[in-house]
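Heads up: the structure comes next, in structure tokens.
The values are calculated or read from the model by the stated rules, or taken from the named source; none is laboratory data. Computed from a predicted model, the values in this text were never measured in an experiment. Cβ placement follows ideal geometry from the backbone for every residue including glycine, while neighbour counts extend to all protein chains displayed. For accessibility, only protein heavy atoms count, side chains too; no ligands or nucleic acids. Shrake-Rupley method; radii C 1.70, N 1.55, O 1.52, S 1.80 Å.
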Amino acid sequence: MPAKIEVGMKRGLPDPAGQSVRGRLAEDLGIRLDDVRVIDVYTIDAGLTPEQLERVRAELFTDPIIQESVVNKSLARDYDFIIEVGFLPGVTDNVGKSSAEGIADTLDRPMKPGEAVYKSTQYALRGALKGAADRPACERIARDALANELIQRWIVKSASEMAGLDGALLLGLPIVTERSDPEVHAINLDIPDAQLAALSRDRMLALELHEMKAIQAYYKDPDVRARRSSAGLPEQPTDIELEILAQTWSEHCKHKIFNAEIKYTDETGKKRTVNSLFKTYVKATTDKVAKQVDWLVSVFHDNAGIIKFDDHWNFALKAETHNSPSALDPYGGAITGIVGVNRDVLGAGMGCRCILNTDVFCFASPFYSGKIPPRLFHPRRVLRGVHQGVKDGGNQSGIPDVNGAIVFHERFLGKPLVFCGTGGLIPAKVAGKPSEEKGACPGDLIVMTGGRIGKDGIHGATFSSEELHEGSPATAVQIGDPITQKKMADFLLEARDLGLFTCIWDDGAGGLSSSVGEMARVSGGAEVHLEKAPLKYAGLAPWEIFLSEAQERMTLSIPPDKIDEFLNLARRRAVEATVLGTFTDSGRLECFYDGRKIASLDMEFLHDGVPKMHLKAVYTPPALEEASLPDKKDLTPDLKAVLGSLNVCSKETFVRMYDHEVLGQSVLKQFQGAQNDGPGDAGVIRPVPESRRGIAIACGICPKYSDIDTYHMMACAIDEAVRNIIAVGGRLGAIAGLDNFCWPDPIQSEKTPDGEHKLAQLVRCAEALHEYCVAYGIPLISGKDSMKNDYKIGDTKISIPPTVLFTAAGIIDDVEKTVSMDVKRPGDIVYAAGAGSLSRFTPNTRRSSRPP
Amino acid sequence: MTVRALVLTGFGINCDAETHSALSRAGAGADRVHLNDIIENPGLLDRYHIFAIPGGFSFGDDVASGKILANRLRYKLGAPLKKFIADGKLVIGICNGFQVMVKMGILPLFDGEFIQEVTLTNNDSARFENRWVNLGVTPGTRCVWLKGIESLELPVRHGEGKFIPRDDAVLKKLYTNGQVALRYCQPDGSPANGQFPANPNGAVDDIAGICDPSGRVFGLMPHPEANTFRTNHPQWTRKQIPQEGAGLQVFRNAVQYCKAT
């Protein structure tokens, strides 16, 4: 019989959490209540005796100084309605998990399999909402302010209903009872084109017809058929094979648009062919600049780009987007965004320690007053949730936020952009070898560490390769668990220094399929036994086990003679680690379930079989008129309006909630000046206490220019980031760049009739990236593109303005020589540099310096 | 003699690297040690003179900040830690470490027993915030970590830093015993009087840190380990600031104390 413990602030003491909710309801929904009290509810399904329950109530769940609590009773008093919000079955419940550990400690009794604690929250509302007629308003509060129906459930009870319940549980236990079909099915691809397209859509494969046909052709190949038949596999692909191909070939993982052949017609009608934007403009930039700089260590092929910091240390940098998940669940999408990019850096080289985060968000106006299309949230809610997710993810992981931005544009209503970046430090040599060198050897064991596998996270890669539509799956939504990840990261860095593994890889959007698939490229194959994988709950089909994205999970290759030491250290660090199979040189990725072979894919076909896209781009410059400025003497009101506008106003409220200074390396902070409230140009840190060398981090982003010309949008973003670095004391020749493209769908189709134009915008943008970075001598060390940032449901289509975030990292020789942006002293002289001139403005009073 | 300091790690502690670095630069031989290694072998504590519980988000601050780590330390290492203190050794808890200490009752430690007498809870703003504060050392405090220091500027980075004593009697006893070590104040040194942002969280009597009656066991919300270089100070590009950040003296004091005893 499950029991529950309810905990709240003692009567008479203020309840800041409740007050905060009360303020939010008034601000967001216009519902003004007299009082809101928050009550934490712990539902314990562990067969505890009344004495044990009393003990954990008093010793674990209650702060005796300020809180009161009850067992199997209702704590709330003096309210009109109660709303209780809890998680849906299978959703990560971090507090529940920690509570279970706390109970085990308190009672000195480990939790048994099947036992669990579930956390939910009650909101006791008083005032304004009284009678039965107000129930719909309570439902609205729950749906629009307190819960997200994709991951949570709720119940509304009036005070009189509560009286009759006598302390019973309000929400049932969120136990996953749904079981997937454990059978592996063969899927017939000998079907007409229309059915192939439908199959891709219905299974969320996100593959284009020509890609489905390439798979169809592979399975018709007589050699393939012969091999399959001798391996006991069906002629047609198994479900897991098809899912592996879809994940590996997804736009998210393969960047097919950036690798496409593009027939480009410019504004003068001149035609040319661009064979891969990536090779022509991104890689070519780095190749050219690499001849001028000697500090590139590892670019493009690892989880993050790596450059030299000094003779002893290297620096890794990566930025990612998490737009689609953040649209569906702003909090969960954003927290998994930040902890996800942390894992990219943890997985770079032999494993870097994360030392900084950046965050750049793009939203529609939080004051938007129009209708919100189905499945979208109000931008205010998106902003709050995303900010809180990144804040919790970064702060709890102990990684300081050093730079970022919040940008507003009406078309981000369709999809918010959530850019999360991370920098990391790694010794130049690890266990005697260059730390950027890694690779699984045949015979090394495949080991998964960290969080277990659940159904949340299925189709992460394919889902983000599509526009947001009616059928976008709730399973793509996850909640991060920064503490499990922190434990894993601490452990892996310890294991790294002991030389216990040969390769480390993040389980990205495609779960084991993506990490094992990538790592197996070096050894030349892999053999995975999926029944060995630890699951959050029973009932996952084999393909789900292999494909489900998990947060806080990494895959390693471990030589057999190191495995005992590795597993022993994992146990001592309370990190789960499991051997799942072996890397091979068979040339094939093979999966087994209970001893039966269920997948065997040629590595070559898997990684190189995806057909090249052939696309067309036509550039027509928009017809625009130069804006005319009214002839006004007094521009004060206009100046005030600009200063108060969303893109210019201070973001201090949000930024202060990030930890800027953990790790103790801060040199130039986000806010500067006499009152520490003026935004700085770039963040500067001193990551190695023994050295005065530093790293400056800045960003540039200007989507408002895109509708005029994406070439200059890109150029301005690069220029902005570079100027920020130079302004704090960085120098050209010591700056590395990251490009993160977010584009609306640029493929011409019925749903995208202007695809050729959008692709032409992309070509122009990539040209600018190349030209400016080469001119400045900035190598691009990593980057990412997210190409389907559209919303389409019914007749409503919203496409984001083409956007590129340019992140710049400058190595600073001596942090003591960096410069903050504030004016320092009365009488200081102001110079303006630029456009080939250097002019001096003479101050006309001792107190202020004004340009003439 | 080498003063040895143990810096606790694991389960979401995240200021261990800079706490370790600060103690090392203050002259201690410091080691980062995982909690599980001490639980496995509590005798490890005998090798050390200073026990530091750094800041972080132990167990994600789930249930309440510091609570689950506090319970684990109390149940698994209660007796060895009591002995550590009784042996005249030093303990510091910073931010989450301070939260852990008050929740396990290692502070204020009125009568040598681990009993929770005070708490640290949600800031009045109901927000996590990172900002620098001015701190005044309470005249007459017994805190050995603050010897010779009158005021300090340090960053706070917390969402649950509001200090609340059980009742007036506890508060009075803290003052009588010289256990109120550190208080938030205005830049000119006058009391913050609960005013935000000088008092960043609404702490009763602007209290930012307390010690045990011996002055050897110290907990504080602000981060001395995050102000050990001139360039950590937010105004270093504007003002004359000594090369060494003011926070490092806190750790030097501890090392000096151990050397002298």
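One table, with the values for the structure above:
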quantity	calculated
Enumeration of residues in segment A:468-518 that are within 22 Å of A:R353 (Cα to Cα), assigned to a loop (DSSP other than H, G, I, E, B) and either at pLDDT below 90 or not hydrophobic (A, V, I, L, M, F, W, C) (or both)	A:G480, A:D481, A:G499, A:T502, A:D507, A:G508, A:A509
Residue among A:T248, A:T285 that alone is crowded, with 18+ Cβ neighbours inside 10 Å, hydroxyl-bearing (S, T, Y) and over 26 Å from A:E208 (Cβ atoms)	A:T285
Strands (runs of 3 or more DSSP E) (entirely within segment A:33-128) containing at least 2 residues that are in contact with a Phe, Trp or Tyr (Cβ under 9 Å, 6 or more places away or on another chain), surrounded by 20 or more Cβ atoms within 10 Å (Cβ to Cβ) and touching a residue at least 24 places away in the same chain (Cβ under 8 Å)	A:35-45, A:81-87, A:116-126
Residue satisfying all of: in segment A:324-354; open to solvent by less than 10 Å² (accessible area, probe 1.4 Å) and hydroxyl-bearing (S, T, Y); nearest to the chain's Cα centre (by Cα) among these	A:T336
A:G90 vs. criteria under 38 Å from the mean Cα position of the chain (by Cα), under 26 Å from A:K130 (Cα atoms) and among the small types (G, A, S)	no
Residue match in segment A:231-244 (condition: without any contact (Cβ under 8 Å) to a residue 40 or more places away in the chain, part of a helix (DSSP H, G or I) and not aromatic (F, W, Y))	no
Boolean, A:V386 is modelled with pLDDT of 95 or more, in contact with a strand residue (DSSP E or B) (Cβ under 9 Å, 6 or more places away or on another chain) and within 30 Å of A:V684 (Cβ to Cβ)	yes
Subset of segment B:10-29 (residues that are within 17 Å of B:F229 (Cα to Cα) and of a type in the set (A, V, I, L, M))	B:A17, B:A22, B:L23, B:A26
Restricting segment A:629-664 to residues that are within 23 Å of the chain's Cα centre (by Cα) and among the hydrophobic types (A, V, I, L, M, F, W, C), the residue that is nearest to B:G56 (Cα to Cα)	A:V662
Tally of residues being open to solvent by less than 50 Å² (accessible area, probe 1.4 Å) and either out of contact with any Phe, Trp or Tyr (no Cβ under 6 Å at 6 or more places or on another chain) or farther than 27 Å from A:G777 by Cα (or both) across segment A:267-279	2
Test set (1) free of Cβ contacts under 8 Å to residues at least 60 places away in the same chain; (2) open to solvent by 50 Å² or more (accessible area, probe 1.4 Å); (3) part of a loop (DSSP other than H, G, I, E, B) - A:A133 fails condition number	(3)
Test result for A:I372, in a loop (DSSP other than H, G, I, E, B) and within 28 Å of A:L663 (Cα to Cα)	no
Strands (runs of 3 or more DSSP E) lying entirely in segment B:173-261 (those with 3 or more residues that are of a type in the set (V, I, T))	none
Residue count for segment A:549-599, restricted to those that are open to solvent by 30 Å² or more (accessible area, probe 1.4 Å), within 14 Å of another protein chain (Cβ to nearest Cβ) and in contact with an Asp or Glu (Cβ under 6 Å, 6 or more places away or on another chain)	0
Considering residues of segment B:201-231 that are open to solvent by 10 Å² or more (accessible area, probe 1.4 Å) and within 14 Å of chain A (Cβ to nearest Cβ) only, the residue nearest to B:K89 (Cα to Cα)	B:F229
Candidate set: segment A:525-548, residues that are buried (at least 24 other Cβ atoms within 10 Å of the Cβ) and not hydrophobic (A, V, I, L, M, F, W, C); chosen: the one nearest to A:G337 (Cα to Cα)	A:S548
Members of segment A:648-669 that are more than 9 Å from chain B (Cβ to nearest Cβ) and touching a residue at least 24 places away in the same chain (Cβ under 8 Å)	A:S650, A:K651, A:E652, A:F654
Count of residues meeting criterion [within 14 Å of another protein chain (Cβ to nearest Cβ) and either surrounded by fewer than 20 Cβ atoms within 10 Å (Cβ to Cβ) or not in a strand (DSSP E or B) (or both)] in segment A:1-24	14
Per-region count, segment B:143-182, residues surrounded by fewer than 22 Cβ atoms within 10 Å (Cβ to Cβ) and basic (K, R)	4
Selected residue [at pLDDT 85 or above and open to solvent by less than 50 Å² (accessible area, probe 1.4 Å)] from A:L165, A:L171	A:L171
Which listed residue is under 17 Å from B:R216 (Cβ atoms) and either crowded, with 24+ Cβ neighbours inside 10 Å or within 14 Å of chain A (Cβ to nearest Cβ) (or both), from B:A17, B:A30, B:A5, B:A22	B:A5
Failed condition for A:K415, given (1) open to solvent by less than 10 Å² (accessible area, probe 1.4 Å); (2) of a type outside the set (S, T, N, Q); (3) closer than 29 Å to A:G450 by Cα; (4) part of a loop (DSSP other than H, G, I, E, B)	(3)
Checklist (1) more than 27 Å from A:V293 (Cβ to Cβ); (2) modelled with pLDDT of 85 or more; (3) open to solvent by 20 Å² or more (accessible area, probe 1.4 Å) applied to A:Y791, failing item	(3)
